[in-house]
1. Would you mind telling me which numbered condition in (1) basic (Lys, Arg); (2) under 16 Å from Gly439 (Cβ atoms); (3) surrounded by fewer than 20 Cβ atoms within 10 Å (Cβ to Cβ) Lys241 fails?
2. Kindly list the number of the only condition in (1) open to solvent by 60 Å² or more (accessible area, probe 1.4 Å); (2) part of a loop (DSSP other than H, G, I, E, B) that fails for Lys49.
3. Name, by its number, the condition in (1) open to solvent by less than 10 Å² (accessible area, probe 1.4 Å); (2) of a type outside the set (S, T, N, Q); (3) more than 11 Å from the chain's Cα centre (by Cα) that does not hold for Leu427.
4. If the requirement is being under 22 Å from Ile113 (Cβ atoms) and surrounded by fewer than 23 Cβ atoms within 10 Å (Cβ to Cβ), which of these qualifies: Gly246, Gly182, Gly146?
5. Right, Ser118: open to solvent by 60 Å² or more (accessible area, probe 1.4 Å), in contact with a strand residue (DSSP E or B) (Cβ under 8 Å, 6 or more places away or on another chain) and modelled with pLDDT of 95 or more or not?
6. Within region 198-223, track down each residue that is under 18 Å from Val411 (Cα atoms) and open to solvent by 20 Å² or more (accessible area, probe 1.4 Å).
7. Residues that are touching a residue at least 24 places away in the same chain (Cβ under 8 Å) and under 24 Å from Gly417 (Cα atoms): which helices (runs of 4 or more DSSP H) entirely in region 68-164 hold 2 or more of them?
Amino acid sequence: MSVQDYLDKHMLSRKIEDAVNAAVRAKTADPVLFISNHMRKAVPSAITKIRARQILDSRGIPTVEVDLYTNKGMFRASAPSGAPSGMYGAIELRDGDKAKYLGNGVSKAVKNINEKISEAIVGMDPILQNQIDQAMIDLDKTEKKGELGANAILAVSIAACRAGAAEKEVPLYKHIADLSGGGNHVLPVPAFTLISGGKHAGNNLAIREIMILPVGAQTFEEAMQMGAETYHHLKAVVAEKYGPHGCNVVEDGGLAPDITSFREGLDLVMEAIGKTGYPNKLKVAIDVAATDFCIGSKYDLDFKSSKKSGQNFKSGEEMIEIYKELCRDYPIVSIEDPFDKEDWEQVKYFSGLGICQVVGDGLLMSNPKRIERAIQEKACDALLLKVNQLGTVTEAIEVVKMAKDAKWGVVISQRSGETDDSFLADLSVGLATGQIKAGAPCRGERLAKYNQLIRIEEEIGDQTSYVGENWRHS
């Protein structure tokens, strides 16, 4: 084939001429670069290859990582992981081979991506997120993604989302906002974990987390400063009272001193806040995770103590009185999972008191049917969104819309098993959720999200705002 035949076959002469004409009209100072970019835009948008592998998350447990290729380049994503979400959440596919990673390997999920998902979506336009996600859902054919694995599907979905943003030549958060039909970019208030308890820590504190929210900051960067300074003041307070071992951190970076009561932990946090110089700008949130210590209809506040367990049971009504007193005595503005995930009557009553934001995590499991029921019954007024409980970006966008239509707050949440993937940061800005819970201002996999939010704030500049005092109604 001659050069001219080759040019004619691929209509290159016309395409090159169009690129040169465009460069002339633009009066570009670098015609070679301009023509190269112009020609690249003429290449059809399509996923060309997908490659998955098994990596380790922040706990040393396997998870799925995906490299998705288009004509624009390679786009990588990994799936977060947490404790199994039971009968309501999407299913992570694990190998079950106890001889490898104690049964936690994900080679089956990796194989499903490399052999099945790849075949189904190679050739698709990465801009069409909904179609890509639906193709994987249709391929799986199960309600909870148990065939291919939600971990496999989610990693591909996030990678495709990044590729779609690149194809449009816009930031990831902007692409997510476009997918959701929104356009208002706001930086969320971070809920920094300071003290950890529950099943996530080896102390005797029943509740899972005590957090601070820098609602009085003027920018996200200032909020980060407030959070980091408070965290370090707390380390000093804990070291003085409990010794250096009290400063050991758990999976999400929170400190785990040997404390036993709600008030003991809250007093430590308040002492640290008092040393910061801006106590009125910091509010407190707690994640009770009450399902972990609910036995029948009672709550065992000493469930972690072998000597005391069973001696400090509280009824739902007594728990309500405890929460009312805590909200009176401390600047608590949000309580997550104050009751067992099936204790709908108590959570409805407590939410109806309007004392603070009531966040549904175990209550909802990010499940659309559970969310719809909670909206109808007014069981809570905020959604804790864990994307791996759904399995696709599209489904995450849909449940956030449900929550916002109900005038709920939305908290984008980490999992105990994270990677350095910063997708949650862009998701929180793109969906304008107003709140993000990514752990302590400590540990690289947690800071990957917070640091990305600093970059986004810098990039958007005057076109965005930090929600601050409006964190509930972004």
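1. Lys241 satisfies all of (1) basic (Lys, Arg); (2) under 16 Å from Gly439 (Cβ atoms); (3) surrounded by fewer than 20 Cβ atoms within 10 Å (Cβ to Cβ) except (2).
2. In the conditions (1) open to solvent by 60 Å² or more (accessible area, probe 1.4 Å); (2) part of a loop (DSSP other than H, G, I, E, B), Lys49 misses (2) alone.
3. Only one criterion is unmet by Leu427, namely (3).
4. Being under 22 Å from Ile113 (Cβ atoms) and surrounded by fewer than 23 Cβ atoms within 10 Å (Cβ to Cβ) holds for just one of Gly246, Gly182, Gly146, which is Gly146.
5. Judged against the criteria, Ser118 is not a match.
6. Listed by number, the list holds a single entry, Arg208.
7. 107-112, 129-140
So that you can scan it fast, the table gives a plain yes or no per residue for (1) open to solvent by less than 70 Å² (accessible area, probe 1.4 Å); (2) modelled with pLDDT of 95 or more; (3) on the phi < 0 side of the Ramachandran plot; (4) not aromatic (Phe, Trp, Tyr):
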residue: Gln311; (1), (2), (3), (4): no, no, yes, yes
residue: Glu318; (1), (2), (3), (4): no, yes, yes, yes
residue: Glu325; (1), (2), (3), (4): no, yes, yes, yes
residue: Glu336; (1), (2), (3), (4): yes, yes, yes, yes
residue: Asp340; (1), (2), (3), (4): yes, yes, yes, yes
residue: Lys369; (1), (2), (3), (4): no, yes, yes, yes
residue: Arg373; (1), (2), (3), (4): no, yes, yes, yes
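The values are calculated or read from the model by the stated rules, or taken from the named source; none is laboratory data. Just so it is clear, the model here is predicted, and its values are computed rather than measured. Glycine also receives a Cβ, built like all others from the backbone with ideal geometry; neighbour counts cover every protein chain displayed. Ligands, DNA and RNA are excluded from the accessible area calculation, which covers all protein heavy atoms including side chains. Shrake-Rupley method; radii C 1.70, N 1.55, O 1.52, S 1.80 Å.
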